[in-house]
Amino acid sequence: MSDQTTTPRGGRGRLLLLLPLAVFLALAALFLFRLGAGDPNRLPSALIGRVAPNTDLPPIDGLTRDSKTVPGVTNALFVGKVTVVNVWASWCVPCHDEIPFLATLGKDPRIQLAGINYKDAPENARRFLNRYGNPFVATGADPKGRESIEWGVYGVPETFVVGRDGRIAYKLVGPIGADNLRSALLPAIEKALAN
């Protein structure tokens, strides 16, 4: 009695065994390539090119800049000047990292920097800005996050460039850093200034 089992023989049998592995590796490579493609901080937004959402945010209680009360954020702020709108919170760790870059943007006389304080307590927001310096000409309080949802915000920080016409020109998801400031945000600001 002979023991006969069917085993693949030769190159063709090995090829059939390696085929699933090859397909898996090809799909994994494609996935990694697509994952790494493009700027992960620049996500498409349905609001790009549209008028900024109706915004009527009160000021943060007791917040001052240069001994003057800092106003809240309304759509009237966006008319006639390029505005960079930063959505931030004192409890947001990346917001602490990006504040020096916001301070730099706040010194550019061609634009105005506005803030939306997201789901934060007024005393914490004031403490945060007093610690780092307040770069915002206007800062609206959004304690429940409802207005931010209208802007398409799903996490902080997020930054928008609003053109002189009140339309959203650009959205940056995540903290502003040296790389994306130079490669993405400043070119978006320059483009908005040119229009």
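The values are calculated or read from the model by the stated rules, or taken from the named source; none is laboratory data. The structure presented is a predicted model; accordingly, all values stated were derived computationally and were not measured. Methodologically, a virtual Cβ is constructed for each residue, glycine included, from the backbone with ideal geometry; neighbour enumeration extends over all protein chains shown.
Return the total of residues in region 1-15 being modelled with pLDDT of 60 or more and either touching a strand residue (DSSP E or B) at 6+ places or on another chain (Cβ under 8 Å) or exposed (fewer than 10 other Cβ atoms within 10 Å of the Cβ) (or both). If you could, list the steps in order and put the result at the bottom.
In the first step, residues of region 1-15 are kept if they are modelled with pLDDT of 60 or more; the result is 10-15.
Remaining after also requiring either touching a strand residue (DSSP E or B) at 6+ places or on another chain (Cβ under 8 Å) or exposed (fewer than 10 other Cβ atoms within 10 Å of the Cβ) (or both): 10-12.
Qualifying residue count, region 1-15: 3.
If I go through region 129-150 residue by residue, how many of them are hydrophobic (A, V, I, L, M, F, W, C), outside any strand (DSSP E or B) and crowded, with 21+ Cβ neighbours inside 10 Å? Counting residues in region 129-150 that are hydrophobic (A, V, I, L, M, F, W, C), outside any strand (DSSP E or B) and crowded, with 21+ Cβ neighbours inside 10 Å gives 2.
Pro100 - would you say it is touching a strand residue (DSSP E or B) at 6+ places or on another chain (Cβ under 9 Å), farther than 18 Å from Ala192 by Cα and either of a type in the set (Ser, Thr, Tyr) or at pLDDT 95 or above (or both)?
Judged against the criteria, Pro100 is not a match.
The residues in region 100-128 that are crowded, with 23+ Cβ neighbours inside 10 Å and either without any contact (Cβ under 8 Å) to a residue 12 or more places away in the chain or in a helix (DSSP H, G or I) (or both) can be counted, and the count is 2. When Leu77, Leu47, Leu25 are screened for being of a type in the set (A, V, I, L, M), modelled with pLDDT of 70 or more, assigned to a loop (DSSP other than H, G, I, E, B) and surrounded by 10 or more Cβ atoms within 10 Å (Cβ to Cβ), only Leu47 passes.
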